[in-house]
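Asker: Got a structure for you, questions after.
Each value in this text was obtained by applying a stated rule to the coordinates, not by laboratory testing. Please read all numbers here as calculations on a predicted model, not as lab measurements. As a convention, Cβ positions derive from the backbone with ideal geometry for all residues, glycine included, and neighbour counts pool all protein chains shown.
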């Protein structure tokens with residue numbers, strides 16, 4: 001996919017002449033980019049390519065644009081969500097451990113002062129100085145560096161996985177909020193139509209018609225009003241949850257989302273999508289790096305059987321040789337070099353360390369297989385739900401809604417002319433409202449499942465379902 005080669009962020013704005021809507025430029029996390037621990041993580045990880053000061057200090061950000069489209073919400077959550085900032089800081093900390101792991105232990109400088117000097121033929125020994133350096137066995141530092149690098153990469157992919165999780169949560173809330181706004185609008189319109197119909201029914205009752213019709217209408221108006229009140233309470237809950245994701249006050253107002261029904265995408269073989277998911281899903285990449293780290297720790301445990309080296313330089317400060325000043329070398333400070341090795345004689349401890357490393361490696365391998373199986377099930381489930389949502393969209397939007405509107409118009413006209421009963425009008429109005437709600441619920445479900453699939457295979461969130469080829 002050319003789009004994966006061109007972007008590393010989750011969101012990328014199109015150029016002024018691209019002609020691509022903003023909603024069509026939401027990108028995947030771009031995990032195909034090679035990992036370089038020494039690079040600035042903010043240059044490739046954040047969805048917008050923001051610099052570190054933009055991600056960590058919200059106070060210097062310019063005024064945020066109005067939150068209307070999904071891309072606006074994703075931009076805002078990128079720069080304000082505390083959870084993402086926490087993962088960024090964890091990665092920076094893990095990256096710093098890479099340099100620490102490859103460094104030699106600190107040398108040891110020792111000073112010994114003789115309270116009672118030792119008299120020798122060359123003079124009294126007053127103090128001794130020594131400088132020593134421990135050198136781990138060959139390969140230990142390299143493997144510790146491999147361990148720290150793999151651990152830092154695992155944190156990097158954990159950060160990417162959290163970004164996708166936040167994006168999906170915001171996406172679900174956005175479309176639930178959008179559906180709530182459509183449902184409130186449709187329910188309010190239905191309530192208004194019923195209330196406008198009330199004078200007609202009242203006039204018929206005064207003219208000798210059945211009082212039961214007016215009672216049924218008032219019951220239906222009350223039920224519709226109750227539904228509208230419930231939708232208003234649900235709106236407050238959704239707004240509070242969205243504000244929590246954006247680190248805003250829970251009662252901060254949010255405008256109505258701008259969205260429409262999605263266009264069906266060309267089908268892609270599920271096997272290709274599963275392979276793409278296995279290659280590029282950040283959580284799987286994270287576990288793979290943890291396995292590499294466990295490999296390095298297993299090798300470190302094996303190397304613990306070999307001794308560490310200790311090299312040093314020693315000197316003794318000799319005082320004035322008052323006793324034997326003519327002795328050769330009198331008053332000179334002698335010095336020496338030392339070489340020592342540690343003795344890894346506690347074999348039980350070393351064997352336990354190796355067994356622990358092997359068990360951890362086996363556990364991570366099994367965890368990878370388990371997570372892969374669950375992600376495959378999630379992908380299959382999302383694809384099935386997406387197909388079902390598009391089926392419902394076509395059924396309601398292209399077929400049933402038109403028939404329901406015609407049925408309502410005919411029922412209203414027939415009742416006003418005395419050709420039918422009020423119950424049929426109420427049923428027609430209720431059926432139209434239910435179909436419209438189901439139509440927009442299907443649209444929201446289609447968007448949510450579509451973005452879920454795109455996040456699972458780590459491709460542009462609103463792009464097409466084409467599994468990337470191996471050479472990309």
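Asker: Largest first and in whole Å, what are the equivalent-ellipsoid semi-axes of segment 95-157 based on the Cα gyration tensor, each being the root of 5 times an eigenvalue?
Answerer: Values for segment 95-157, descending: 45, 11, 5 Å.
Asker: Then there is this: With the Cα gyration tensor of segment 126-207 in hand, convert its eigenvalues to equivalent ellipsoid semi-axes via √(5λ) and list them largest first in whole Å.
Answerer: Working from the Cα gyration tensor, I get semi-axes of 79, 14, 5 Å.
Asker: Please work out the Kirkwood hydrodynamic radius for segment 349-439, using every pair of different C-alpha atoms, and report it in angstroms with one decimal place.
Answerer: One decimal place: 18.0 Å for the Kirkwood radius.
Asker: Tell me, what is the FRET efficiency for residue 119 and residue 340 to the nearest 0.05, using R0 = 41 angstrom and their Cβ-Cβ distance as r?
Answerer: My answer for the efficiency is 0.90.
Asker: Extension gain residue 378-residue 352, at 0.36 nm per residue separation less the Cα-Cα distance, in nm?
Answerer: Length difference between fully extended and current span is 5.5 nm.
Asker: What's the extension gain from residue 270 to residue 129 if we count 0.36 nm per residue and subtract their Cα-Cα distance?
Answerer: Full extension from residue 270 to residue 129 adds 43.6 nm.
Asker: I'd like the per residue volume of the convex hull spanned by the Cα atoms of segment 164-314, given in cubic angstrom.
Answerer: Spread over its residues, the Cα hull of segment 164-314 gives 272 Å³ apiece.
Asker: Next question. For a protection proxy built on the mean count of beta-carbon atoms within 10 angstrom, sort 384-393, 67-76, 364-373 highest first, please.
Answerer: 67-76, 384-393, 364-373
Asker: Then there's this: What Kirkwood hydrodynamic radius do you get for segment 407-456 when you take the inverse of the mean 1/r over all pairs of distinct Cα atoms, in Å?
Answerer: Kirkwood radius, segment 407-456: 12.9 Å.
Asker: In whole Å, what are the Cα extents of segment 225-349 along the three principal axes, biggest one first?
Answerer: 115, 44, 31
Asker: Full-extension gain between residue 230 and residue 310, please, as 0.36 nm times their residue separation minus the C-alpha to C-alpha distance.
Answerer: Between residue 230 and residue 310, full extension yields 21.3 nm more.
Asker: Over what distance in Å are the Cα centres of segment 181-253 and segment 406-429 separated?
Answerer: Using only Cα atoms to place each centre, the spacing works out to 20 Å.
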